There are 2 protein chains.
Amino acid sequence: MNKLYVAGIGAGACEDLTLAVSKRLADSEIIVGYTLYCGLIKPYFPDKTFLSTGMTQEIERCRKALELAAEGKRVTVICSGDAGIYGMASPVLELAPSYGVEVVILPGVTAASSGAALLGSPLTGDFAVISLSDLLTPQEQIVRRIEAAAQGGFCTVIYNPGSRKRADYLRACCGIFLKYRPPETVCGIARNISREEESVRIMTLAELASYPADMLTTVFIGNGDTRLIGGKMVTLRGYRK
Amino acid sequence: MNKLYVAGIGAGACEDLTLAVSKRLADSEIIVGYTLYCGLIKPYFPDKTFLSTGMTQEIERCRKALELAAEGKRVTVICSGDAGIYGMASPVLELAPSYGVEVVILPGVTAASSGAALLGSPLTGDFAVISLSDLLTPQEQIVRRIEAAAQGGFCTVIYNPGSRKRADYLRACCGIFLKYRPPETVCGIARNISREEESVRIMTLAELASYPADMLTTVFIGNGDTRLIGGKMVTLRGYRK
């Protein structure tokens, strides 16, 4: 059976690729992905054919990749970060049976891990990952999950924390956390991870509430075990007496 | 300032390494880690000095690595999966200031991503990660978090689901999920990811409750959007009418 690969490319630098993904991209004829991510990877694989489309055209992109794979082409769909987490693995797997194509998922380093590494170690223990984008999840479900994560004492990673249309979502999210955690709780943001303008900042939960986060930002909200140590955001490991 | 690297090696096969970690290990004189993980990586870096210690000796291991780094040696501490998530980044960062060593964290692919890729795409949307090991987290906090994850509708990844001493923990965990999700909820396990005896199995939440999971198993509990499609565990992306 013809195969279609779906690969997570990590944050965007060549060094973020796993050896498996790097090898698979080198072996591909056609690389399919969102315009921005194709642009990030193109310099490392200049001889490949890139098929890129903009945001909101994910399903057409998956169908095109499946069609080409069904014709016997060596095709890889790329996703930023991991292939599964807010990625294309799910729509590809959902559509694949009608194309008679076998899907192979190659995982990658998601922003929860790459952003955490820049900040220190915010995700040492149990954690939750929540996207604030209501393009795909109803608003009330997002709020219910934030409430659960805050109440459950999870360190929490926020993907897609803001955009022009959703300038107040992070403030509202922090408002919920402030019901359960003190305003001085250690938080952090990582922006443009692995790219030229990469930056991190550690701040309190109160400060985070008015931070102007955009789509290139990943947000980390600490819990009662999170400390500022040597300028890093560190969630302590294990029991403390 | 002398540097100490803490690197996530992924599930254990050479292909799971990121290019950054691979390069860093090749450039190290001494690789420090838990015996099992050193054994996994040794065949790919046979000319390195390995310093390995058993479980529960994590802090001595971190101190030894910091001492060697402070002496100017090129040292890398390895962790399975990611460097931060249930990894050594936190204790190393906590101890580092007293050694005058700068710590650099290199992220890796955690079992939530690598196990998910084998099963399909269980973590398409918001998710929670919880360890059932009570070696480092009090039992009542684990239960509180399971309750929050179940109530919040999170797809949930369970690390360290069982051991001889904790044979009933996964059953108790599933019991909590069964209060909020139907017994036919799609779940899955990945065992020995990237190793010779790698295996996956998809089952219902009711079946998972009596599955004899061990420390080499990662468990995935679906939510209301999780389906069995073409033999894969897939959490659907986006709104469904």
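The values are calculated or read from the model by the stated rules, or taken from the named source; none is laboratory data. Since this is a predicted model, take the numbers as computed values, not measurements. Every residue, glycine among them, receives a Cβ derived from its backbone with ideal geometry; neighbour counts consider all protein chains shown. To get the accessible areas, we keep the full protein, side chains included, count just its heavy atoms, and leave off ligands, DNA and RNA. Shrake-Rupley method; radii C 1.70, N 1.55, O 1.52, S 1.80 Å.
Estimated from helices alone, the mean residue ellipticity of chain A at 222 nm is -8500 deg cm²/dmol (sum of -39500 (n - 2.57) over DSSP H runs with n ≥ 4, per residue). Backbone amide hydrogens, once placed in the peptide plane, bring A:Val77 within less than 5 Å of A:Tyr5, A:Val6, A:Ala7, A:Val32, excluding anything fewer than 5 places away on its chain. Take the convex hull of the alpha carbons in region A:37-98; its mean projected area over all directions comes to 4.5 nm². Using the Cβ of B:Ala111 as centre and a radius below 11 Å, the other residues enclosed give a net charge of -1, where K and R count +1 and D and E count -1.
Among the protein heavy atoms of region A:22-123, carbon and sulfur supply 54% of the accessible surface, probe 1.4 Å, non-protein parts ignored. Summary value for chain B: 20 percent relative contact order, contacts being C-alpha pairs under 8 angstrom separated by 6+ residues.
At a probe radius of 1.4 angstrom, the accessible area of region B:86-186 per residue rounds to 35 square angstrom. Averaged over peptide B:216-225, the number of partner chain Cβ atoms lying within 10 Å of each residue's Cβ comes to 0.
Taking A:Cys14, A:Cys79 and ordering them by how much accessible surface each has at a 1.4 Å probe, largest first, produces A:Cys14, A:Cys79. Counting charges near B:Phe127 (Lys, Arg +1; Asp, Glu -1) among other residues having Cβ under 12 Å from its Cβ returns a value of -3. Computed 3J(HN,Hα) for region A:140-145, one whole-Hz value per residue from the Karplus formula 6.51 cos²θ - 1.76 cosθ + 1.60 where θ = phi - 60°, is 5, 6, 4, 4, 4, 6, glycine and proline marked x. Of the GluC sites (Glu not before Pro) found in region B:116-196, those in coil by DSSP whose Cβ has at most 13 other Cβ atoms within 10 Å are B:Glu184, B:Glu196. Partner shielding of B:16-26 amounts to 5, given as the average count of beta-carbon atoms from other chains within 10 Å of each residue beta-carbon.
Phi-derived couplings, Karplus 6.51 cos²θ - 1.76 cosθ + 1.60 at θ = phi - 60°, listed residue by residue for region A:38-52: 4, x, 5, 9, 3, x, 8, 9, x, 8, 8, 8, 9, 10, 10 Hz, with x used for Gly and Pro.
Couplings 3J(HN,Hα) for region B:3-12, derived from phi with the Karplus relation 6.51 cos²θ - 1.76 cosθ + 1.60 (θ = phi - 60°), are 10, 10, 9, 10, 10, x, 9, x, 6, x Hz, where x marks Gly and Pro. Taking 18 Å as the limit for the C-alpha separation, the pairs A:Lys23/A:Lys73; A:Lys42/B:Lys23; B:Lys3/B:Lys64; A:Lys3/A:Lys23; B:Lys48/B:Lys73 exceed it in the case of A:Lys42/B:Lys23.
Counting, for every residue in A:74-84, the Cβ atoms of other protein chains within 10 Å of its Cβ and taking the mean gives 3.
As a rough guide to protection, the peptides A:187-194, A:205-212 ranked by mean Cβ packing within 10 Å, highest first, stand as A:187-194, A:205-212.
Here the simple spin-label model places points 7 Å from the Cα toward Cβ, and for B:Thr35 and B:Leu228 these points are separated by 4.0 nm. In this structure, the amide hydrogen of B:Arg227, modeled 1.01 Å from its nitrogen in the peptide plane, lies closer than 5 angstrom to those of B:Val234, B:Thr235, B:Leu236, counting only residues at least 5 positions away or on a different chain.
Using C-alpha pairs below 8 Å separated by at least 6 residues, the relative contact order for region A:1-131 is 37 percent. In loop segments of region A:1-105 as defined by DSSP, the GluC sites (Glu not before Pro) with at most 11 further C-beta atoms inside 10 Å of their C-beta are A:Glu71.
For B:Arg195 and A:Gln139, a Förster radius of 41 Å and the Cβ-Cβ distance give a FRET efficiency of 0.45, rounded to the nearest 0.05. Shape summary: the protein assembly as shown maps onto an equivalent ellipsoid whose semi-axes, from the alpha-carbon gyration tensor, are 30, 27, 24 Å in decreasing order.
Every Cα-Cα pair in chain B was counted, and those over 27 Å apart are 39% of them.
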